[in-house]
Amino acid sequence: MSTVSETISRGQPARRLRIDGWRWGGRAFLVFMLLYTALPMIWMLLTSIKSGFAAMQFPPQWWPDQPTLASYQKLLDPQNSVGQDFLRFFWNSLIVSTATTILSVIVAVPAAYAFSRFTFPGRNFLFFAVLLRNMFPAVIFLVPLFILMRAIGLVNTHGSLVLTYLTFGLPLAIWLLKGFYDNIPVQLEQAARIDGATRFQAFILIVMPLSAPGIIATAIYSFIGAWNEYIYAYTFLSKNEQLTLPVGIQRFFSENTTDFPGLMAASFMMSVPVVVLFLLLQRYFVRALTEGAVKH
Amino acid sequence: MAHVVLKDLVKTYGSFKAVNEVSLTINDGEFVALVGPSGCGKTTTLNLVAGLTSATSGDIFIGDRVVNDLDPKDRDIAMVFQNYALYPQKSVYMNLAFPLQMRKLPKGEIDRKVREAARVLDMTQLLERKPRELSGGQQQRVALGRALVRDPAVFLMDEPLSNLDAKLRVQMRSEIKRFHQDLKATIIYVTHDQLEAVTMADRMAVMNGGYLQQYDSPAQVFAHPANMFVASFVGSPAMSLIPLEASMGNGGAVLTSAEGWSLELSPRNAQKVARATTKKVVLGARHSTIKLHKSAVPGAIPAKAYTVEPTGDVTFVQALLSGAIVNISVSPNIAVTPDEQIWLEFDQERMHLFDSETEMALEAN
């Protein structure tokens with residue numbers, strides 16, 4: 001016994017100490033990617049707590065001498081015009097994104113379920129037709145959709161954005177969810193139906209809870225897409241009180257001289273909901289994207 | 001409990017006939033196995049009874065009701081699935097309670113029935129666990145429990161044992177059999193494993209290609225297979241089927257092989273051969289009805305040993321005979337080596353004869 005354990009304990013560190021070029025290359029790459037993604041965020045955060053003068057200094061102040069929350073106070077203060085605008089844009093974005101999210105879940109869940117479980121004429125054609133939209137860059141649809149929205153009187157309404165974002169978000173949402181439903185054994189529903197549930201009850205009571213991770217992933221995806229969208233919001237909306245955050249921030253701060261700390265503070269606050277959402281629900285998101293990769 | 005009648009049941013998918021004019025009567029309290037190779041229509045037949053698919057034509061009776069157009073939930077059935085189909089998000093307790101909740105039983109009664117089922121299946125200590133925290137055998141038991149809490153008219157079981165390892169399968173096999181004896185339940189049990197059907201069922205329905213081949217007690221199916229398919233499907237190792245040529249003469253009959261040897265038939269077997277539509281008949285013999293001799297014996301046929309498989313209790317010898325592989329079981333103290341010259345003696349009382357055109361068994365008178 002002792003000889004066996006000895007050989008093992010002697011063999012182990014030798015293997016671990018072996019210099020493995022691939023592994024170190026991988027680590028270096030990950031560190032690089034980490035810096036690549038994190039540094040701009042850090043710089044955004046640092047700039048947002050500088051004074052306007054400090055932000056423009058050269059050489060730059062790597063760490064603000066006199067950190068201040070003045071920009072945040074200004075943006076979140078409903079008493080002054082800057083704060084009023086920012087909060088309104090924030091609210092508009094929230095409404096548009098939330099509406100898009102709710103609608104896309106409401107449409108995608110039954111659509112994906114139908115694609116997964118039922119056979120009907122034109123099923124394959126429809127399923128790929130759903131993807132057709134995603135084969136073209138979004139800007140191609142900008143002018144046609146604008147003309148369409150004008151024709152049905154939706155220009156300068158949030159509805160025009162919600163509709164547009166749905167057409168962009170739904171295809172992937174449906175595909176994502178279909179993969180999820182494909183992975184839920186049909187026997188579970190059959191068992192539920194034999195156990196006394198109607199088809200609809202089987203779906204609500206058994207399938208829905210199991211597909212919750214997929215639905216959450218779909219929701220995050222729709223929300224982020226709508227929250228960050230710029231071009232359509234910029235084209236469809238022209239009234240100041242309706243603007244969403246991406247457009248609002250841009251217009252608002254480039255009118256005279258750019259207030260960089262203010263811009264960065266607004267950008268930071270804009271990224272907060274997305275980051276929080278993602279951190280809270282990321283495990284579902286990852287699960288949804290890898291679901292079906294391995295057989296359970 | 002109730003009886004189940006299938007009448008001229010047909011299910012087609014496009015031009016593919018999955019189930020073809022199947023008629024079966026399953027008595028109240030009877031354990032019937034639907035058995036056949038994959039794709040034979042047995043699972044489709046079960047799904048038709050369950051109401052998970054709808055029949056193209058034909059009728060299904062459960063008790064005295066025609067259930068063709070009823071939803072699964074209204075058919076008063078319970079089903080055990082091959083993959084158990086336990087609700088993964090629910091605890092064992094909630095899995096067992098679900099069929100009762102769906103039927104809107106009062107809470108107290110649900111609790112009583114769930115605990116009773118758990119006690120019967122000896123899993124009271126598992127009630128709070130989730131299905132993924134259970135072993136395969138325990139999951140199987142929960143699936144069984146979920147079927148029996150409700151006291152349905154018919155139990156449907158779709159290959160319930162095939163996901164278990166060999167040892168557990170044998171154990172659960174006897175548990176399900178015991179369960180049937182205790183409950184006097186009507187059970188329709190689908191399996192591809194003829195051994196399960198033979199060991200558990202009161203009657204077995206052998207299916208192939210969507211057609212019902214034979215429906216009888218396992219003993220009858222084993223002793224009197226209706227056709228060549230049933231003969232080769234039921235029993236392990238499979239019955240050996242040897243194609244031969246029959247010639248009649250002066251009251252008797254002789255089977256001749258292209259290899260040159262011939263076998264004189266008993267009067268009763270000669271009678272059977274006389275009823276064949278063709279001269280080409282197939283001789284069927286189970287491994288235990290063939291005697292192996294190491295030297296020439298009158299009536300025995302020369303053959304060459306091909307492979308030898310000792311299993312401990314018995315040794316199986318495969319021999320090549322007239323182009324067919326013949327299985328023979330011998331006592332382990334008889335040493336046979338591959339390529340050795342052997343002589344085979346067929347038991348005329350227990351041999352089977354088939355018409356090679358119709359593939360049907362030939363019977364005397």
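Buried (at least 20 other Cβ atoms within 10 Å of the Cβ) and either modelled with pLDDT of 90 or more or assigned by TED's automatic domain parsing to the domain that holds residue B:174 (or both), is that true of residue B:107?
no
Hey, among A:202, A:197, which residue is buried (at least 19 other Cβ atoms within 10 Å of the Cβ), more than 25 Å from the chain's Cα centre (by Cα), in the same structural domain as residue A:101 (by TED's automatic domain parsing) and not in a helix (DSSP H, G or I)?
Being buried (at least 19 other Cβ atoms within 10 Å of the Cβ), more than 25 Å from the chain's Cα centre (by Cα), in the same structural domain as residue A:101 (by TED's automatic domain parsing) and not in a helix (DSSP H, G or I) holds for just one of A:202, A:197, which is A:197.
Only one residue in A:177, A:161 is touching a Phe, Trp or Tyr at 6+ places or on another chain (Cβ under 8 Å), farther than 24 Å from residue A:234 by Cα, among the aliphatic types (A, V, I, L, M) and in a helix (DSSP H, G or I), so which one is that?
The conditions single out A:177.
Can you report the number of residues in segment B:25-45 which are within 14 Å of another protein chain (Cβ to nearest Cβ) and within 19 Å of residue B:221 (Cβ to Cβ)?
Number of matching residues: 0.
Run down B:24, B:6 and say which single residue is out of contact with any Asp or Glu (no Cβ under 7 Å at 6 or more places or on another chain), of a type outside the set (Val, Ile, Thr) and within 20 Å of residue B:230 (Cα to Cα).
Result of the check over B:24, B:6: B:24.
Filter segment B:57-86 for residues that are within 13 Å of chain A (Cβ to nearest Cβ) and in a strand (DSSP E or B); which is surrounded by the fewest Cβ atoms within 10 Å (Cβ to Cβ)?
This residue is B:62.
Which strands (runs of 3 or more DSSP E) does segment B:128-245 wholly contain that include 3 or more residues that are within 14 Å of another protein chain (Cβ to nearest Cβ) and crowded, with 18+ Cβ neighbours inside 10 Å?
The strands (runs of 3 or more DSSP E) meeting that bar are B:154-158.
For segment B:87-104, which positions are within 8 Å of chain A (Cβ to nearest Cβ) and either aliphatic (A, V, I, L, M) or under 19 Å from residue B:172 (Cα atoms) (or both)?
Selection gives B:102 alone.
What tally of residues in segment A:79-93 results from selecting those that are in contact with a Leu (Cβ under 9 Å, 6 or more places away or on another chain) and either small (Gly, Ala, Ser) or at pLDDT 85 or above (or both)?
9
Among the candidates B:263, B:244, single out the residue that is under 29 Å from residue B:40 (Cα atoms) and in the same structural domain as residue B:322 (by TED's automatic domain parsing).
B:244
Please go through segment B:105-122 and give me each residue that is more than 14 Å from every other protein chain (Cβ to nearest Cβ) and either part of a helix (DSSP H, G or I) or touching a Leu at 6+ places or on another chain (Cβ under 7 Å) (or both), ordered by number.
B:107, B:108, B:109, B:111, B:112, B:115, B:116, B:118, B:119, B:120, B:121
Quick grid of which residues meet (1) out of contact with any Ser or Thr (no Cβ under 9 Å at 6 or more places or on another chain); (2) within 14 Å of chain B (Cβ to nearest Cβ); (3) modelled with pLDDT of 90 or more:
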site	(1), (2), (3)
A:175	yes, no, no
A:193	yes, yes, yes
A:221	no, no, no
A:241	yes, no, no
A:258	yes, no, no
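The values are calculated or read from the model by the stated rules, or taken from the named source; none is laboratory data. On a predicted model such as this, the values are computed, not experimentally measured, just so you know. Backbone-built Cβ (ideal geometry, glycine too); neighbour counts: all protein chains shown.
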